[in-house]
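Worksheet: one structure, shown below.
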Amino acid sequence: MLEKNRLHRCMNALLANGLQDDADPETARVTGVANLFYGVTALFSSVMGVLDFIQGQNTFTLFLLVMLGLALFGLFWVGRTGRHVLPSTTLVLALFCLSLYMVSHGGVEGSGFVWLFIFPPVVMLTFGLSVGILLMSALLLGVGAILFLPGDPFLYADYSQAFRIRYIVALLCCGIFAGLAEYTRRHTQRLLILLTQQLAESARTDELTGLANRRALCERLEYEQVRARRTGRPLSIAICDIDHFKSVNDCYGHQCGDQVLQSVAGLLHDNLRHQDTICRWGGEEFLLLLPETDEAGAARLAEKLRGQVEAMEYSYHGIPVSVTLSFGVHTCGPEGDIDYHIRKADQKLYLAKEQGRNRVFAGEVPDIFLPEGLMLDEEEA
């Protein structure tokens with residue numbers, strides 16, 4: 001168990017070599033693949049270099065020593081700079097030359113051609129589909145020239161004609177399948193990224209109205225409050241509530257209530273500036289976040305929106321439905337946190353309701369709040 005954990009830690013350290021903490025998933029994947037490429041090449045070159053040296057294969061031993069040096073340089077370079085293109089390109093070019101040499105000379109006991117089958121997956125994983133296809137094409141052209149040029153000027157091993165044809169076809173198939181695997185991986189990754197973005201968007205969007213939800217608005221409000229304190233510019237919020245909305249649901253049904261919510265949400269959204277944010281705060285309540293707007297300006301906007309909602313003609317199956325809004329408008333001062341300012345706006349909304357509904361309440365109010373648990377009667381709301 002201890003050895004397994006140690007091996008696991010070593011593998012993680014190898015894959016994370018040169019990786020920044022804030023690296024995106026694709027950068028982490030490419031860096032990990034490059035480090036794995038260097039590590040496996042270093043291990044393979046060390047073992048095979050020793051065996052070839054023992055067997056007196058001096059040329060192959062020299063090639064493998066060069067590969068070992070390039071692999072160790074790659075690990076050092078990535079760990080130092082976090083970039084892998086230079087060492088990966090150098091190592092792949094060396095592997096390319098070694099591959100052609102192995103095919104040309106046959107390798108140890110004629111086994112050299114076998115090692116070329118590692119080339120397609122290595123270049124596809126390390127450089128991606130486009131560059132991988134170019135490198136595979138270059139390899140196939142090189143191997144084809146060695147095997148099929150008249151007179152065999154570059155061929156020093158003894159291959160039958162049937163073997164040469166089958167070998168080039170097998171190498172081509174290996175390259176095609178490696179390319180398909182890389183294409184499938186990239187396509188799946190794009191789908192996963194798109195799905196993740198859609199899930200993140202749905203987690204921040206109200207399904208019925210298409211507006212931002214409470215979570216998204218609170219994040220935006222926190223950012224705008226920090227910005228307002230830094231710049232000294234005003235920041236206002238307005239909470240509005242559809243008057244007697246419960247009566248709409250009771251008299252006409254929830255489908256009518258949903259249509260009213262969607263209509264009001266669309267009207268409010270279409271009459272705000274680009275920098276403003278509106279969210280469905282809950283039930284029949286909406287919250288408007290108005291950067292660089294003082295309380296007087298926010299109150300004028302709220303009055304304009306209130307009048308437009310009142311003037312709109314709503315009907316459900318031909319039956320007219322009366323819809324009005326009440327607003328509570330508040331400018332966020334330097335004191336208090338987000339929850340404090342939202343409660344102040346909510347207090348003003350309560351006062352607008354208390355004064356007869358279908359109105360905007362702004363201005364100073366005592367710095368007190370409704371006692372906890374005290375809410376408007378549902379019939380009055």
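The values are calculated or read from the model by the stated rules, or taken from the named source; none is laboratory data. What you see is a predicted model, and the numbers here were worked out from it, not measured in a lab. Here the Cβ is made from the backbone with ideal geometry for all residues, glycine too, and neighbour counts use every protein chain on show. Surface areas here come from the heavy atoms of the whole protein model, side chains and all, with no ligands, DNA or RNA. Shrake-Rupley method; radii C 1.70, N 1.55, O 1.52, S 1.80 Å.
Here are the numbers for the structure shown:
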quantity: Index of the failed condition, Ile278 passing every other in (1) outside any helix (DSSP H, G or I); (2) open to solvent by 20 Å² or more (accessible area, probe 1.4 Å); (3) closer than 19 Å to Arg220 by Cα; (4) of a type outside the set (Ser, Thr, Tyr); calculated: (2)
quantity: Selection count where residues are open to solvent by less than 20 Å² (accessible area, probe 1.4 Å) and either closer than 19 Å to Leu51 by Cβ or hydrophobic (A, V, I, L, M, F, W, C) (or both), scope the stretch 99-119; calculated: 7
quantity: Residue in the stretch 120-160 that is least open to solvent (accessible area, probe 1.4 Å), counting only those that are closer than 22 Å to Leu91 by Cα and in contact with a Lys or Arg (Cβ under 8 Å, 6 or more places away or on another chain); calculated: Gly128
quantity: Filtered residues of the stretch 78-91 (kept if surrounded by 21 or more Cβ atoms within 10 Å (Cβ to Cβ) and either closer than 16 Å to Gly49 by Cβ or modelled with pLDDT of 90 or more (or both)); calculated: Val78, Pro87, Ser88, Leu91
quantity: Scan of the stretch 281-320 for residues that are in a helix (DSSP H, G or I) and open to solvent by less than 20 Å² (accessible area, probe 1.4 Å), ordered by number; calculated: Gly297, Ala298, Ala302, Leu305, Val309
quantity: Residue match in the stretch 47-54 (condition: under 15 Å from Thr126 (Cβ atoms) and not hydroxyl-bearing (Ser, Thr, Tyr)); calculated: no
quantity: Set Glu295, Glu313: member being among the acidic types (Asp, Glu) and under 30 Å from Thr231 (Cβ atoms); calculated: Glu295
quantity: Some residue of the stretch 297-307 being hydrophobic (A, V, I, L, M, F, W, C) and either free of Cβ contacts under 8 Å to residues at least 60 places away in the same chain or farther than 15 Å from Cys240 by Cβ (or both); calculated: no
quantity: Failed criterion for Tyr159 (all others in (1) free of Cβ contacts under 8 Å to residues at least 60 places away in the same chain; (2) in contact with a helix residue (DSSP H, G or I) (Cβ under 9 Å, 6 or more places away or on another chain); (3) part of a helix (DSSP H, G or I) hold); calculated: (3)
quantity: Matching residues, the stretch 285-332, being under 16 Å from Leu267 (Cβ atoms) and of a type in the set (Phe, Trp, Tyr); calculated: Phe286, Tyr314, Phe327
quantity: Hits in the stretch 345-357 (condition: touching a residue at least 24 places away in the same chain (Cβ under 8 Å) and open to solvent by 40 Å² or more (accessible area, probe 1.4 Å)); calculated: Asp346, Tyr350
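Each row is one residue, and each column tells you yes or no for (1) in a helix (DSSP H, G or I); (2) touching a strand residue (DSSP E or B) at 6+ places or on another chain (Cβ under 9 Å).
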residue: Phe127; (1), (2): yes, no
residue: Ile133; (1), (2): yes, no
residue: Leu141; (1), (2): yes, no
residue: Phe154; (1), (2): no, no
residue: Phe163; (1), (2): yes, no
residue: Leu172; (1), (2): yes, no
residue: Leu199; (1), (2): yes, no
residue: Gln225; (1), (2): yes, yes
